[in-house]
Each structure stands twice: as structure tokens, then as C-alpha cells.
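So the structure is just underneath, and the comments pick up after that.
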Amino acid sequence: MSHIRSSNDRRSSISFWDVVTEAVSGLTARPGRTALTILGTVIGLAALVATLGISQTAGNRIVGRFDELAATEVFVTARPPTLSSPDNTMPWDSPERLRRLDGVVAAGNLSVIDLGNTLVSTSSVRNPTERTDFRLSVQAVSPGLFEAVRARLATGRLTDQLMSERGEKVAVLGATAAERLGISGVEQLPAIRVGDQVFLVIGIISDVARQFDLLAAVIIPEGTAQNLYRLSAPETVVVETRIGATSLIARQAPHALRPDNPEGLKVAFPAEPQRVRDAVQSDLDVLFLLLGGVALLVGAIGIANVTLVSVLERTGEIGLRRALGATRRHIAVQFLIESGVMGFIGGVVGASLGTLAVVAVSAVQTWSPVLEPMIPIAAPLLGTIVGLLAGTYPSIRAARLEPVESLRSAT
Amino acid sequence: MSIIQLERVSRHFGVQAPIHALREVSLDVESGEWVAIVGPSGSGKTTLLNILGLLDRPTSGTYWLSDRDVSSLSEGARAGVRSREIGFVFQSFHLISHRTVTENVMMSDIYRGGDRSTRRLRAVQALERAKLSHRSDYLPVRLSGGERQRAAVARAILNSPRLLLCDEPTGNLDTATGNNILDLFEEMHDDGMTIVMITHDPEVAARSQRQVHIIDGHLTEAA
């Protein structure tokens, strides 16, 4: 008898379309279970997409706030005197000197007057039934300060250069201070007592953008403070710059104010906005990515688990397929495609839900949703990879089943 | 012309204290024969069927199928031979429960890369031969045992195999239904199909043309 090798010895083969059809049919056999299996991946990828999107959105939001104020403020103060540098004071005309610098929008002196236990009251007559005197901060300012802190005038007027030069006893109240003193308007020419001195209230400011303690303070002209309280030098210069000019002004200001002793002054300005953005966003991203990654891992374990159970349940079917001509590879590929398709569907649904979540959170917070377009596109890809990885072990198990033994188990 | 030629085929399981499921079995089956392999459980008849169906390899000896030494083929080539030349009928039917009868029958075409466009038509023809056309759109759960086995037979003959291997085909059926299935085999046998059938039931075996007995791994021709 001769050993004939004919073309009939060729391997069994299955078309790509057939193997996909078989895999999808395996998934639709138990739609409820398939949906539940996918749920883990859906949650994981939705969490990932949503957290990335929300962190980007929130990151932009935080940066927006920094941009508006922090990027435009510089504070200059005198260092405490030392032996090598006994004269660290700032000149009275600091605002004028600074305004000559390119990039400075407004500048003003601000000095807190130390009055010890002196109280502020509206009347010399003490009313025993209610409290009429309060401990309020008294702050001396140059006229340019109101612009530098973006003060909003509620009523009356602000102190000006002339009042300061003449040492007039006038005061502007912050909104909180005015409320505590019971002063709501200046039409009645209200007066307040600060210790033994009487000041005419000429205006009330309702809001400031920085130096919020001004709102609870009695604000008097700088010249008046020199006369009455022996203010010897301004304590702080508040500078508003154009956006992006803070670091430049911070370098120039000490030389403009004290060319003879620039080291005696201390300049405070916030970190570069770009750096703030990076720091905030990377912190949030790492946390959120970890959360999404954990959820995705749980989803992958879910797919692996259910695919493994499915392999054990379908040993009869696997045996039958082997008898019909399937190779081990055909079996493995079918189960891999099943788990990969589950991961893909999880990715598509998860990306959709995640994007919706970003939009919903942004809508509630009235933020502009920000989402890198690659993220929702990559999610189905990631889901497929997760599904394939999760299906690897079950697929190998399925391929290793001996057809003889699989067929013996009932379908 | 012989379809099956076994030359002193043995199959052992295990290395230490091996179990000798088949001991130097030799068997010739001519094309168009209907052979029953009869034996009690544990006699090695399932092992023999697995080797005949290329689901298992002999430990020693040679298996010629259609004049080819299939015991030396690669697994992929053996799967190819299974898909094209052998039809299986199992005791427990092995139908996929969520697919209709027609879809179950069509399944046996996918691993031979069969023509998709004619697949359904061929399945309908196979169901006609198995006399189950009236149930073609049913799910297996709604079929009786006899109908399920007819669906399995239709699946086995879809690709006009040279050899039909049946493992206790009537084992899960009552006598009357079992006889109907055997009637179907007889018709296919009359049409020239080669059938090898395993059974422990002498009455079922009596329907075949030729009986061989297997006991403790030894094959003997019935008188």
C-alpha cells in the first residue's frame, strides 16, 4: 500500500467572517450575562474618561482663577533692619516711582496702624444696652492703593492726594466695618471716633479683589497717619501689573525704590501661572488615573472570570467544534474575539458615558468642558486590549481541552 | 476499496502501570460498509472510535484513512480531514441550544472554509435527507430526542463525508425512536455511506451489516 499525500491533506480553515460570526453568536447567546460582564469595563473606562475630562476641565478652571488675579499682583515690603543694613525703609513716593516702570498698571502704599487697644465707635455717648465700640483695623493708604486693589466704591468718595497732604481727618470704611458701625450712607455726614480722634466718613467701599482685610478696616489718608500716628514709612506697596509682567516687575521694583539698597526690600509675587497649571493638573491626573485604572482592572477581572466560566460551561460545544474540524488555534481565537469584542463594546459605552459625565459635571458647575479628543477615541482601543488580555488565559484553557473528554460532558 | 485500515493499533493511557485500552487492533472497513463495534463499557470501544475519528492518536500502529497514513499527519491537517471526510453523531447530540436547527447544521461547514453562499441551501438539503425539514427553524429545546438526533445526523452529512462515525446514537432514545434513527442510517447505507457505529446494545448492532466485538481492548470479528 502506498502512502499518498494529496491536496486533501490541507489544514482545516475558517474564514475571518465565520470566526467573528461564531464569536458574536457566543456573546448573544446570553445577552444578559454579556451585558453584566461588560459592565465592569464600562464603569472602568467611563471612570477613566470622566476623571480625565473632569480633571482637565477643573484644572483649566483653577488656572483661570490664578490667571485673573495672581498673575497681576506684586507686593513689596521692607525687610526688618539688620546690623549690616539698618535702613530698609521704603520711600513715600514708591507708587510714583513704580508707575514709571513699563508693566505697572497701578500701585499704592498700604500701612497697618498699630493702635493697641484703641476702639472705634460712632458716638461719644455710650449706649449701655448695645455695643457701640469695636476693635477695627486702621490702615493708612496712598490714593493709588484703591486702584491697585480694585476697590469698588459703594457710596461717597475715596480719599485723595490733597486730603493726604493736608492731613485731613477723613476715613473710608470697608463694607464690613461700616456694617458693624451701623453706617449705611454718607449723606448724613457720619463721624467715627478712633480713640480720641474724630474722623469724617466720606465713603464706603463694597468690594476689593485683593487685600480683603481692607473690607473690615478704617482706611485713612497716609498724610493723616503721619501727623496723628507718627507713621514713618509705608509698610507695603501693592502693585497691579499687566498679565505676565509680575516676574519682571518683581526684579525691577527694589532697584526703582531703593537703588542704594535694593536688598533691603522683600518682593512677593505668585508662582508663574504656567507652573501652577502644571502642578495642579498633574496632581489631579495621577489620582484620577489611579481610580480609573483600578476600576478598569476590576472590569478586566470580570471579563476573565466570566469567560473562564463560559469556557467551562461550553466544553461540550468546544468538543463538538474540535470534532467538526476546529484546531486548538480556532478555539482560542474564537474565545479571544469574544472577550475582545466585550472589551470593545465596554470601551465604546464607557467612553460615551464618561464624555456625558464630563459634560454633565461641567453643566452643573458652569465650567467649559475640556476633553482631549484622543481620550474617548482611545477608550474602545484600551477596552479591546483589556478584553484580549483578560481572555488570554480562558482561551488557552479552552484550546487545551481534549476533544475526547469535552465531548463526553453533556451539552 | 477500503476506507479504514488499522494496522496493529494500540493505545495506552498513563506511563506507570499503563492502561491498555486497545491492544494491537487491526480492522479493515470497505467503502459502503455499515459496521457495528459492540462491547461492554470499559472495553475500549470509545477509544477506538476516537482514534477512527482522528480525535486521538494511537500509541503504536498505523491508521490508513482512504489510503493515507493519517496517524502521522499534523494536528492541523488531521482537523482538516475531520472537517471534510468524517461526520460525527454523538449519544448526547451536542446541539448548540441558542441556535436554530438549520444554524446547527450549518456549523459543520465553517471549519472547512465552505462556501457561505450555498451553506444554507446545503443545510436545507441535509435536513431533507434526515427528514427534519419541518423543524428547520426550531431551537433544539423544542425538539424531541429523536428529532434532535436527526438534526445531529443532518449536521454530520452536510459535507457528504466518506465516513459517518456514530457513538451510541440511540443511547439516549427509546426503542421506537431509536429504530427510526436506525432506519435513517439504513437509508444512508443503501445510498453508499460508510457507517461505523459503536453500541453496547446487541439489538442495535443487529441492524448493521457487519459486527465486530471488542473486549478488554481486543477486537474480534463476529461470526
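The values are calculated or read from the model by the stated rules, or taken from the named source; none is laboratory data. From a predicted model like this one, the values you see are computed outputs, not experimental measurements. In this analysis, Cβ positions are derived from the backbone assuming ideal geometry, glycine residues included, and neighbour counts consider all displayed protein chains.
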Handout entry: Considering residues of region B:91-143 that are within 13 Å of chain A (Cβ to nearest Cβ) and aromatic (Phe, Trp, Tyr) only, the residue farthest from the chain's Cα centre (by Cα)
Key = B:111
Practice task
Note down all Cβ pairs under 6 Å where the first residue falls in region A:325-342 and is within 8 Å of another protein chain (Cβ to nearest Cβ), the second is assigned to a helix (DSSP H, G or I), and they're at least six residues apart or on different chains.
Solution key: A:325/B:79; A:325/B:82; A:325/B:83; A:327/B:76; A:327/B:79; A:328/A:399
Problem - Unmet requirement for residue B:56, which otherwise passes all of (1) at the interface with chain A (Cβ under 9 Å from one of its Cβ atoms); (2) part of a helix (DSSP H, G or I) - result: (2)
Handout entry: Members of region B:62-81 that are within 23 Å of residue A:14 (Cα to Cα), assigned to a loop (DSSP other than H, G, I, E, B) and more than 7 Å from chain A (Cβ to nearest Cβ)
Key = B:74
Problem - strands (runs of 3 or more DSSP E) completely within region A:150-219 that count 3 or more residues being exposed (fewer than 15 other Cβ atoms within 10 Å of the Cβ) - result: A:197-207
Exercise for the section: Tell me, please, whether a residue that is touching a residue at least 40 places away in the same chain (Cβ under 8 Å), over 21 Å from residue B:88 (Cα atoms) and within 14 Å of chain B (Cβ to nearest Cβ) can be found in region A:308-320. Expected result: yes
Handout entry: Members of region B:187-211 found to be closer than 29 Å to residue B:42 by Cβ, surrounded by fewer than 17 Cβ atoms within 10 Å (Cβ to Cβ) and charged (D, E, K, R), listed by number
Key = B:201, B:203, B:210
Problem - Given (1) part of a helix (DSSP H, G or I); (2) away from every other protein chain (no Cβ under 14 Å), number of the condition residue A:368 does not satisfy - result: (1)
Exercise for the section: Scan A:222, A:235 and give me the residue that is in contact (Cβ under 8 Å) with a residue 12 or more places away in the chain and either under 18 Å from residue A:117 (Cα atoms) or surrounded by 20 or more Cβ atoms within 10 Å (Cβ to Cβ) (or both). Expected result: A:222
Handout entry: Unmet criterion (only one of (1) surrounded by 19 or more Cβ atoms within 10 Å (Cβ to Cβ); (2) at pLDDT 90 or above) for residue A:359
Key = (1)
Exercise for the section: Starting from region A:383-406, keep only residues that are more than 22 Å from residue A:298 (Cα to Cα) and outside any helix (DSSP H, G or I), then list their pairs with residues that are of a type in the set (Val, Ile, Thr) and modelled with pLDDT under 95 whose Cβ atoms are within a distance under 7 Å, requiring at least 6 positions of separation or different chains. Expected result: A:401/A:315; A:401/A:318
Problem - Options B:151, B:130, B:79, B:126: the member that is among the hydrophobic types (A, V, I, L, M, F, W, C), surrounded by 19 or more Cβ atoms within 10 Å (Cβ to Cβ) and touching a Gly at 6+ places or on another chain (Cβ under 6 Å) - result: B:79
Practice task
For residue B:195, work out the one condition from (1) under 22 Å from residue B:102 (Cα atoms); (2) under 17 Å from the mean Cα position of the chain (by Cα) it doesn't fulfil.
Solution key: (1)
